[in-house]
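Scroll down for the structure; my scribbles are underneath it.
Derivation of every value follows stated rules applied to the coordinates shown; laboratory data play no part. Quick caveat: nothing in here was measured; it's all calculated off a predicted structure. Methodologically, a virtual Cβ is constructed for each residue, glycine included, from the backbone with ideal geometry; neighbour enumeration extends over all protein chains shown.
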Amino acid sequence: MTILTKLRIVSYLAPNWLEFYQAIAAYLGRVLEIETQLHQGECDPLKDPLLFQDQIDLAFICGLPLIRYRQIFSDQLQALAAPVMQASRYGNYPIYYADVIVNANSNIQKFADLSGKIFCYNDPGSNSGYNLLCHRLNQEKYPQNFFSKVIQSGFHQRSIRWVAEGLADCAAIDSVVLEQELRNFPELSQHLRVVEVLGPCPMPPLVVSRRLGIYLIQQMQLALLRPDAQLQTVMKQFGVRRFAAVELENYRILNQIYSDRSCVGLSR
């Protein structure tokens, strides 16, 4: 039996939550009495050779690339837990939304007003930033080239800035990322408005490689469901109420949405 000496952890999620993920990594290190190493992913998880080679022990990952990755390697990853946010809009469930934001000074009042505007998105593989908006356009049967222009920002925080600065008219932002960005930079709130809320969707989970074995996996899940005082302090700072156990099956709905995302209203 291989003895694990270090947990290799990666976050494929927004950098403004990295401190939270670092706190989780440190907590698991304390509980398991093992070294942990966390880094921010620099590429799409579906293009990360370390993930494909099963060299990552734990990963914070968006549900959509997770469920797509599962179609390639069905038995490699197991979902551990996902955060449940404190705010009442989340109803004490591990869910999140995509908030469609516009500049506070614009005359955009509703989703239909986005026609002919400049839309920016973080990544085409993003559920909140791209996939849910595609689904909405398809559902409502909006025409070809609904937006006048579509530009890729690279990540949610840049999309937020582009809308606040008037470089883009609108963006769809992961609600927990937006809330954290407004906590970090409260001055942004005077430059932004939410005109539409898409979702809810299952919250991005922490997943683990099955090769770690059922005993260690159960230890980690139980630890997350019973966080110590030190981790609870950081949870409060990020608006997290608790962790909930989740399974990969909880994310199947995202693939159903993704499969119907021809995005007829988007023109790049």
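In segment 149-178, the qualifying residues are those that are crowded, with 19+ Cβ neighbours inside 10 Å and among the acidic types (Asp, Glu), and the one that is nearest to ILE101 (Cα to Cα) is ASP169. Restricting the search to strands (runs of 3 or more DSSP E) fully inside segment 159-257 and requiring at least 2 residues that are of a type in the set (Val, Ile, Thr) and in contact (Cβ under 8 Å) with a residue 40 or more places away in the chain gives 192-202, 206-209. Just so you know, in segment 179-219 the residues that are buried (at least 16 other Cβ atoms within 10 Å of the Cβ) and out of contact with any strand residue (DSSP E or B) (no Cβ under 9 Å at 6 or more places or on another chain) include one that is nearest to CYS120 (Cα to Cα), and it is LEU188. When residues in segment 87-114 are screened for being part of a loop (DSSP other than H, G, I, E, B) and aliphatic (A, V, I, L, M), 3 of them pass. Pick from segment 40-70 the residues that are aromatic (Phe, Trp, Tyr) and either over 12 Å from the mean Cα position of the chain (by Cα) or in a helix (DSSP H, G or I) (or both): which of them is surrounded by the most Cβ atoms within 10 Å (Cβ to Cβ)? Here the answer is TYR69.
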